[in-house]
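Beneath this line is the structure, given in structure tokens, with notes to follow.
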Amino acid sequence: MSALRRTTEEWVSEDWAAVAKTINERVHELGWKQRELAERSQVSQAIVREIQNHTVERKRSDRTLEALALALGLHPQHLLAVLHGRIPPAPGQPREDMEDAVSARLAVIELRLSQITDQLAELNASIAGLVGRDGTRRG
């Protein structure tokens, strides 16, 4: 999905700094260099560097984060959970059911859309109180 089409909720809820911190702590625990993580995960060293240093914030494939998590010995969805502010699953825990994940994201989108609709209604009411039907300013 292009950056322009991403929802406000996705932008707000993604914590790439937390992902970088998690990766850096685990790499340090393992005594690895960046190149070793790149090789083990099959993710380019340039992308690993961007994520680790939190220099470029862009949408990454879930597969990229899963490959990094697996290489680090974490649950495949660990970094995705960190990214979205959720508690990471335990290493042996089954993968999240995709249907449940889609339903949860849809619920968040619907809630946010409802909030935006309410804000627009309030804004329209405020504007209507300031401007007459003929477009002239009241009071």
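The values are calculated or read from the model by the stated rules, or taken from the named source; none is laboratory data. Because the structure is a prediction, the values reported are computed rather than measured. Glycine also receives a Cβ, built like all others from the backbone with ideal geometry; neighbour counts cover every protein chain displayed.
From the list Thr64, Thr136, the one residue that fits, being of a type in the set (Ser, Thr, Tyr) and surrounded by fewer than 10 Cβ atoms within 10 Å (Cβ to Cβ), is Thr136. Can Glu66 be described as under 20 Å from Gly92 (Cβ atoms) and modelled with pLDDT of 90 or more? So Glu66 fits the description; yes.
Reported count of residues in region 77-86, each being surrounded by fewer than 17 Cβ atoms within 10 Å (Cβ to Cβ) and either more than 17 Å from Arg105 (Cβ to Cβ) or over 14 Å from the mean Cα position of the chain (by Cα) (or both), is 0.
The condition of being modelled with pLDDT under 80 and either assigned by TED's automatic domain parsing to the domain that holds Ala20 or not small (Gly, Ala, Ser) (or both) holds for only one of Pro88, Pro94, that being Pro94.
Only residues that are over 29 Å from the mean Cα position of the chain (by Cα) and among the β-branched types (Val, Ile, Thr) were counted across region 100-139, and they come to 3.
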